[in-house]
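Trainee: Structure below; questions to follow.
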Amino acid sequence: MMNRLIGRYTGTQPGALVVITAAMHGNEPAGVRALEEVFRLLAQEPQVNPDFVFSGRLIGLAGNLQAYQARKRFLEQDLNRMWTPLHMRCLQQMAPADRHAEWRELGELLEAIQEEILSYKPQALILLDLHTTSADGGIFCIPTDDRASLRLAKALYAPVVLGLLDGLEGTLLHYVAGNHFEVGGYPHYSVGVAFEAGQHEDPQSVSRSVAAIVNALRAAGCIRAEDVDSRHERILRASSASLPKVTRLRHVHHIRPGDAFGMRPGYVNFQPIHRGEHLADDASGPVLAPEDGLILMPLYQPIGSDGFFVVQEVSA
């Protein structure tokens, strides 16, 4: 079975602890492959560039290992909806031997991050959570309401979707935004961003994730702008060129148990839709677009709690 720790790289100079998570959903392999590529690039860089300096520490972690092995989004419940105070209280009351499925993943991932914080004692924790979508189309970043998070998201050179966390609950990004990872007085502050790299099996989703990681390391001050340059950056910029720079969430279609939700075929991220458009069907009949906008993350996989999102372009 794959190790949860994909890689660790500690620089010669002090700096932020950058934690990058992949496969929080087990059917999203691109982030794992991207992290493997980044650690390979970092290992080679001092050999080809004697002036290379890395400040801080980079940690790559796999999220839902059991679901990743099964190539499923999750086994019993969505790991990226479990980072709530209620779930954490339940986790603390469980003996480790009684934790199974996503409860085990939640406990082990939480402990892995806390151990890195206690080991490195960083002033700042920067977290990048890598994802992909079941639909084709555009890439995007999800910041929290924190200004530092928005600055980090813009530094990734991908479209930014504001307010998306308002339509979700219990994501890892919510947990980071609340500074809940602090242990032993460290880190002094935390910044988090999620990055959606494209469709699950698209090979370019790996390249886009590599570029996002490199850009996050630059923004965190871990590497200089001229270091670890690659073709992946060009792929990321090309993927973003025709997309709106900033959008804001307007609507989420939540799926309830028994809905039998089915998205109509052919929708892609950031595709324009119109009020009253027949987007999907469920047990109650047609599901219509509530307003004009751009569709995001239309659900084309058997498991998921959100059918689609509607966003609108806003000024940066």
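The values are calculated or read from the model by the stated rules, or taken from the named source; none is laboratory data. This is a predicted model, so every value here is computed, not measured. Glycine also receives a Cβ, built like all others from the backbone with ideal geometry; neighbour counts cover every protein chain displayed.
Trainee: Among the residues of the range 1-52, count how many are closer than 17 Å to Arg208 by Cβ, in contact with an Asp or Glu (Cβ under 8 Å, 6 or more places away or on another chain) and of a type in the set (D, E, K, R).
Mentor: 0
Trainee: Sort out which residues of the range 162-183 are part of a loop (DSSP other than H, G, I, E, B), farther than 26 Å from Ile255 by Cβ and of a type in the set (A, V, I, L, M, F, W, C), and write them in order of number.
Mentor: Phe181
Trainee: Also, I was wondering about something else. List pairs: first in the range 4-29 and at pLDDT 95 or above, second of a type in the set (Asp, Glu), Cβ under 7 Å, 6+ apart or cross-chain?
Mentor: Arg4/Glu108; Ile6/Glu36; Leu17/Glu116; Val19/Glu116; Thr21/Asp129; Met24/Asp129
Trainee: List the number of the failed condition for Tyr157; all other conditions in (1) of a type outside the set (D, E, K, R); (2) in contact with an Asp or Glu (Cβ under 9 Å, 6 or more places away or on another chain); (3) crowded, with 21+ Cβ neighbours inside 10 Å; (4) in a loop (DSSP other than H, G, I, E, B) hold.
Mentor: For Tyr157, the exception is condition (3).
Trainee: Name the single residue that is surrounded by the most Cβ atoms within 10 Å (Cβ to Cβ) among those in the range 120-148 being among the hydroxyl-bearing types (Ser, Thr, Tyr) and at pLDDT 95 or above.
Mentor: Thr132
Trainee: Moving on to the next point. Report yes if some residue within the range 239-246 is at pLDDT 95 or above, surrounded by fewer than 16 Cβ atoms within 10 Å (Cβ to Cβ) and in contact with a helix residue (DSSP H, G or I) (Cβ under 9 Å, 6 or more places away or on another chain); otherwise report no.
Mentor: Among the residues of the range 239-246, not one is at pLDDT 95 or above, surrounded by fewer than 16 Cβ atoms within 10 Å (Cβ to Cβ) and in contact with a helix residue (DSSP H, G or I) (Cβ under 9 Å, 6 or more places away or on another chain), which makes the answer no.
Trainee: Here's another thing I want to ask about it. Kindly provide the set of residues from the range 172-199 that are under 17 Å from Ser134 (Cβ atoms) and touching a helix residue (DSSP H, G or I) at 6+ places or on another chain (Cβ under 7 Å), ordered by number.
Mentor: Once the filter is applied, which keeps residues that are under 17 Å from Ser134 (Cβ atoms) and touching a helix residue (DSSP H, G or I) at 6+ places or on another chain (Cβ under 7 Å), the range 172-199 yields Ala194, Phe195, Ala197, Gly198, Gln199.
Trainee: Continuing with this model, one more query. On the given criteria, is Thr171 surrounded by 18 or more Cβ atoms within 10 Å (Cβ to Cβ), among the β-branched types (Val, Ile, Thr) and over 23 Å from Val214 (Cβ atoms)?
Mentor: Criteria met by Thr171.
Trainee: Somewhere in the range 174-190, is a residue under 17 Å from the mean Cα position of the chain (by Cα), within 15 Å of Ile142 (Cβ to Cβ), buried (at least 21 other Cβ atoms within 10 Å of the Cβ) and modelled with pLDDT of 90 or more?
Mentor: yes
Trainee: Does Ala194 meet the test of being under 21 Å from Met297 (Cβ atoms), touching a residue at least 60 places away in the same chain (Cβ under 8 Å) and not in a helix (DSSP H, G or I)?
Mentor: Criteria met by Ala194.
Trainee: Starting from the range 47-60, keep only residues that are under 21 Å from Ile126 (Cα atoms) and surrounded by 15 or more Cβ atoms within 10 Å (Cβ to Cβ), then list their pairs with residues that are of a type in the set (Lys, Arg) and modelled with pLDDT of 90 or more whose Cβ atoms are within a distance under 6 Å, requiring at least 6 positions of separation or different chains.
Mentor: Ile59/Arg8
Trainee: So which of Pro290, Pro302 is farther than 18 Å from Pro159 by Cα, out of contact with any Asp or Glu (no Cβ under 8 Å at 6 or more places or on another chain), at pLDDT below 95 and of a type outside the set (D, E, K, R)?
Mentor: Pro302
Trainee: Separate question: Return the pair list, or none, for Cβ contacts closer than 7 Å from residues in the range 130-152 that are assigned by TED's automatic domain parsing to the domain that holds Gly26 to residues that are of a type in the set (Asp, Glu), at least 6 apart or on different chains.
Mentor: Correct list of pairs: His131/Glu28; His131/Glu196; Thr132/Glu28; Thr132/Glu196; Thr133/Glu196; Ile139/Glu196; Phe140/Glu196.
Trainee: To continue, here is another question. Which of the strands (runs of 3 or more DSSP E) contained wholly in the range 212-316 include at least 1 residues that are within 24 Å of Asn80 (Cα to Cα) and either touching a residue at least 40 places away in the same chain (Cβ under 8 Å) or not assigned by TED's automatic domain parsing to the domain that holds Ala22 (or both)?
Mentor: Once the strands (runs of 3 or more DSSP E) in the range 212-316 are filtered for at least 1 residues that are within 24 Å of Asn80 (Cα to Cα) and either touching a residue at least 40 places away in the same chain (Cβ under 8 Å) or not assigned by TED's automatic domain parsing to the domain that holds Ala22 (or both), what remains is 246-254, 293-296, 306-313.
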